[in-house]
Amino acid sequence: MAILDLKYYGASVLTRPAKPIKNIDRELIKLAEDMLESMYHYHGVGLAAPQVGVSKRFIIVDCGDEYQDRPYFLINPEVVSTEGEQIGPEGCLSLPDLLTDVKRPAKAVIRAMNLQGKTITVTGEGLLARALLHEIDHLNGVLFTELVEDEFVLQREIPILKDRIQKILSGELPAVSEYEEDEEDEEDQVEMAEPESAVALA
């Protein structure tokens, strides 16, 4: 398995619809393995193929034991239905350290194919619903910033985001935040952890 480079805000692959997957082959299995490893490396709870430069309709979501018993590998996912409403902080690995409130459905039902070629239905509530919808948005070329209702927040944060991305790409800043990489401060990290809903979705 390999750690894949992320595509950041401004990359064209993030703003165009991804292509449907027609076959499950070794290339897709390898992509799935590398994306899972990369998602954990960057401390996300989800990752869409376009975020690693692959314009295919494939996502991975793992919100932890409270929400699911294993990672979801979803091919050509579609939203079947949504219910309710939740408003909470949302982030994205492709928009590093940008965190702002986003309104999304509280529950989502998703239909997709798994890596075994079987059609499955996944129902998510809370963080899992948010993560599933966030990742499917990526497959449609939509970033969560398009759902932000407070324009002032974007006017303030986007220039800072662009500068941060340039520093990451130039090597001035790490792709993974230093405090996340520092295992010596693990106990402090637990005490200072952000609320569950505020994790980077991808």
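Got at least one residue in region 113-124 being touching a Lys or Arg at 6+ places or on another chain (Cβ under 9 Å) and either buried (at least 16 other Cβ atoms within 10 Å of the Cβ) or assigned to a loop (DSSP other than H, G, I, E, B) (or both)? The answer is yes; a qualifying residue exists. Checking each residue in region 61-88 for being β-branched (Val, Ile, Thr) and touching a residue at least 60 places away in the same chain (Cβ under 8 Å) picks out only Val61. Whether a residue is touching a strand residue (DSSP E or B) at 6+ places or on another chain (Cβ under 7 Å), closer than 17 Å to Leu133 by Cβ and in contact (Cβ under 8 Å) with a residue 12 or more places away in the chain was assessed, and Ile110 passes this test. The number of residues in region 100-142 being over 21 Å from Arg16 (Cβ atoms) and over 13 Å from the mean Cα position of the chain (by Cα) comes to 26. Entry remark, region 92-107: residues being out of contact with any strand residue (DSSP E or B) (no Cβ under 7 Å at 6 or more places or on another chain) and of a type in the set (D, E, K, R) number 1 in total.
Of the residues making up region 24-57, those that are surrounded by fewer than 15 Cβ atoms within 10 Å (Cβ to Cβ), assigned to a loop (DSSP other than H, G, I, E, B) and among the charged types (D, E, K, R) number 1. Of all residues in region 136-154, those that are touching a residue at least 24 places away in the same chain (Cβ under 8 Å) have Cβ atoms under 7 Å from Cβ atoms of residues that are among the small types (Gly, Ala, Ser) and not in a helix (DSSP H, G or I), 6 or more apart or on another chain, in His138/Ala48; Leu139/Ala18; Leu139/Ala48. Only a single item in (1) farther than 20 Å from Ile168 by Cα; (2) modelled with pLDDT of 95 or more is not met by Ile3, and it is number (1).
So is Leu128 assigned to a helix (DSSP H, G or I), under 19 Å from Asp62 (Cβ atoms), touching a Leu at 6+ places or on another chain (Cβ under 9 Å) and at pLDDT 95 or above or not? Before you say what the answer is, go through the steps one by one.
Details: assigned to a helix (DSSP H, G or I): yes; under 19 Å from Asp62 (Cβ atoms): yes; touching a Leu at 6+ places or on another chain (Cβ under 9 Å): no; at pLDDT 95 or above: yes.
For Leu128, the condition - assigned to a helix (DSSP H, G or I), under 19 Å from Asp62 (Cβ atoms), touching a Leu at 6+ places or on another chain (Cβ under 9 Å) and at pLDDT 95 or above - is not met.
The values are calculated or read from the model by the stated rules, or taken from the named source; none is laboratory data. Model, not experiment: these values are computed from the prediction. FYI the Cβ positions are ideal-geometry reconstructions off the backbone, even for glycines, and counts take in every protein chain you see.
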